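Below is one structure, written out as structure tokens, with a few remarks after it.
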Amino acid sequence: MPLEATQQQRRRWMSALAKAPETDLRQAWQALRLQPAYQVLRKPEIGLTMVRGRAGGDGAPFHLGEMTVTRCSVALDDGTVGHAYVSGRRPWHAETAAVCDALLQSSPDLIGPLIEPLEKAQAERRRAARAKAEATRAEFFTMVRGE
Amino acid sequence: MYVAVKGGERAIANAHKLLAEERRGDPSVPELSVEQIASQLTIAVHRVMAEGSLYDPELAALAVKQARGDLIEAIFLLRAYRTTLPRLAYSLPLETGRMTVRRRISSTFKDVPGGQILGPTFDYTHRLLDFSLAATNGAAPAAEPGPADPPAAVPGVVDILDRQGLIEASAPADPERPIGDLTREPLNLPAERDLRLQNLARGDEGFLLSLAYSTQRGYGGSHPFVGELRVGEAAVEIEPPELGFPIEIGEITLTECQMVNQFKGSKSEPPQFTRGYGLVFGHCERKAMSMALVDRALRGRELGEEPNAPARDEEFVLMHSDNIQASGFTEHLKLPHHVDFQAELEQIRKMRRRAEEPSE
């Protein structure tokens with residue numbers, strides 16, 4: 001089932017918040033100088049996610065192994081609930097991402113100052129890694145025998 | 001048999017202090033930080049994550065430090081740690097085709113679509129010790145960047161053969177069948193491929209390497225080619241019930257190997273290439289390739305091959321691949337077996353006396 005537009009948008013920012021290095025999130029969050037009042041519904045909790053792969057890359061799923069994950073849920077004073085699931089053991093990151101998720105639901109205009117810089121930094125890191133890999137592209141030539 | 005003993009508390013406490021001192025080494029040499037291990041001994045850290053079956057580079061680096069570089073001990077520490085955490089989620093199956101590829105090679109096609117991308121590899125190095133690394137004053141020369149906007153996705157090599165019908169297709173998933181999980185249910189034999197792949201993904205690299213090598217030397221030969229080997233980062237997605245839609249929670253480094261093997265065909269299948277699959281946490285090429293070869297060797301029941309070689313013997317492979325189980329049972333021999341040994345000593349003495357008695 002295709003996601004609704006609001007789900008699509010929320011998926012976008014939750015993913016960007018989770019994938020950001022903690023230093024990037026701290027910087028973006030502090031630059032906004034927001035101090036929203038909120039309640040913690042579920043304290044940052046460290047646990048595991050079982051990661052699945054597919055046999056042959058495209059076949060039946062199997063369990064590859066686990067990874068650490070931290071989750072947190074908060075509620076703003078107006079009742080908006082925010083959630084976060086972030087890889088690793090990062091309580092501050094999970095709590096801040098949950099607060100951001102709640103804020104973004106009531107003010108999607110925060111995507112510009114908060115989410116776009118994170119996405120840009122992630123895209124730039126990916127691009128730089130691919131560019132370095134690209135320089136190692138090899139052209140192999142088959143030698144003809146007996147000449 | 002091991003029999004419980006008491007005492008030795010002071011000796012044990014002192015032994016642990018001595019261990020801590022030896023771990024630290026010469027105090028005039030700067031102490032290693034976990035960050036240094038995570039960023040400079042990356043391959044060791046990756047192996048610990050893969051066989052510890054827990055992806056967390058910081059924890060794995062800490063384990064390497066605590067274990068004084070003994071990687072199996074570090075794997076043990078990580079396995080023990082994971083038992084203290086609740087499982088919060090299961091991921092959607094990884095989309096390895098959408099990885100950010102940092103290395104990707106194929107030994108089957110010279111001009112493979114997407115190209116041969118060597119990446120950070122030991123291949124083609126001369127394996128000569130580099131004495132310039134003995135000095136610790138230098139930054140490495142910066143890697144050369146290629147074109148500013150390289151292609152985003154690299155197509156899978158297997159798809160090329162697939163389009164021509166020359167390679168078997170992956171068996172489709174049965175949504176009714178639960179996915180086996182070794183961490184929840186003990187391994188029952190015969191095991192289906194999901195359980196075999198989970199077992200191999202966390203199995204000992206050395207054990208799998210030797211088994212893979214044995215298939216190449218003729219013990220269950222399968223005439224393999226590296227269809228594709230790729231290393232890079234893939235996003236992990238989960239679908240939390242409170243949301244009802246999938247989100248990405250982070251990216252992990254993976255090594256994937258598609259091994260392509262000759263197959264003569266059977267009563268129901270025409271001659272074609274078959275596939276073995278390797279997928280491992282981190283940058284672990286030797287392990288991913290070994291896993292793919294052993295995965296293929298273990299598909300004998302399905303492909304009508306005789307279990308006539310160690311690598312084709314499911315029980316032999318799956319019951320001995322785990323280095324924590326293996327070292328647990330081997331190393332427990334170090335614990336006091338005094339009572340047991342006394343009994344055997346008595347037994348031998350008795351047998352000798354009997355042998356020395358003059359026969360009537």
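The values are calculated or read from the model by the stated rules, or taken from the named source; none is laboratory data. Quick caveat: nothing in here was measured; it's all calculated off a predicted structure. Reconstructed Cβ throughout: ideal geometry from the backbone, glycine too, with neighbour counts over all protein chains shown. Note: areas computed on protein heavy atoms with side chains; ligands, DNA, RNA excluded. Shrake-Rupley method; radii C 1.70, N 1.55, O 1.52, S 1.80 Å.
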For region B:252-360, the Cα gyration tensor yields equivalent-ellipsoid semi-axes (√(5λ), largest first, whole Å) of 48, 23, 8
Taking amide H positions as placed 1.01 Å from N in the peptide plane, with prolines and chain starts having none, which residues 5 or more places from B:Asp181, or on another chain, fall under 5 Å of its amide H? none
Picking from B:Ala67, B:Pro113, B:Gly97, whose Cα lies most toward the positive end of the charge dipole for region B:45-175 (charges on Cβ: Lys, Arg +1; Asp, Glu -1)? B:Ala67
Size of electric dipole in region B:11-104: Cβ of Lys, Arg +1 and of Asp, Glu -1, about Cα centre, debye, nearest 20: 400
Under unit Cβ charges (Lys, Arg +1; Asp, Glu -1), what dipole magnitude, rounded to 20 debye, does region A:3-134 have relative to its Cα centre? 460
Roughly how many whole Å is it from the C-alpha centroid of region B:327-359 to that of region B:205-267? 47
Phi-based couplings in Hz for region B:94-103 (Karplus 6.51, -1.76, 1.60; Gly and Pro marked x): 4, 9, 5, x, 9, 4, 7, 7, 9, 7
Most positive-pole-ward Cα, B:Ala153, B:Tyr219, B:Gln40, against dipole of chain B from beta carbon charges: B:Tyr219
Check: chain B dipole with +1 on Lys, Arg Cβ and -1 on Asp, Glu Cβ, in debye: 820
For B:Arg102, other-chain or 5+-apart residues with amide H closer than 5 Å (H placed, Pro excluded) are B:Val231, B:Gly232, B:Glu233
Could you pull out the trypsin sites (Lys or Arg not before Pro) across region B:175-261 that fall in loop regions by DSSP (anything but H, G, I, E, B) with no more than 10 other Cβ atoms inside 10 Å? B:Arg184, B:Arg217
Can you tell me the relative contact order of chain B? Whole percent, Cα pairs under 8 Å, sequence separation 6 or more. 19
Given a 1.4 Å probe and heavy atoms of the protein chains only, how would you sort A:Ser15, A:Ser107, largest accessible area at the top? A:Ser107, A:Ser15
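Can you list which of the chymotrypsin sites (Phe, Trp or Tyr not before Pro) found in region B:59-133 are DSSP loop residues with at most 10 other C-beta atoms within 10 Å? Before the final figure, lay out the partial values.
Numbers: sites: B:Phe76, B:Tyr81, B:Tyr90, B:Phe109, B:Phe122, B:Tyr124, B:Phe131; in loops: B:Phe109, B:Phe122, B:Tyr124.
For chymotrypsin sites (Phe, Trp or Tyr not before Pro) across region B:59-133 that sit outside H, G, I, E and B with at most 10 neighbouring Cβ atoms in 10 Å, the list reads B:Phe122, B:Tyr124.
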What aspartates and glutamates sit close enough to B:Lys17 to cross-link, taking a C-alpha to C-alpha distance under 20 Å and skipping anything fewer than 8 places away on the same chain? B:Glu9, B:Asp26, B:Glu31, B:Asp70, B:Glu73
Cα to Cα, under 19 Å, and not fewer than 8 places away if on the same chain: which aspartates and glutamates meet these conditions relative to A:Lys120? A:Glu22, A:Asp24, A:Asp101, A:Asp109, B:Asp149, B:Glu233, B:Glu248, B:Glu251
May I ask for the net charge around A:Lys120, where only other residues with Cβ less than 13 Å from the Cβ of A:Lys120 are counted and Lys, Arg are +1 while Asp, Glu are -1? 0
Qualifying lysines (Cα of each under 30 Å from Cα of B:Lys110; at least 8 residues distant if same chain): A:Lys132, B:Lys264, B:Lys287
Going through region B:258-295, which trypsin sites (Lys or Arg not before Pro) have at most 12 other Cβ atoms within 10 Å and a DSSP loop state? B:Lys264, B:Lys267
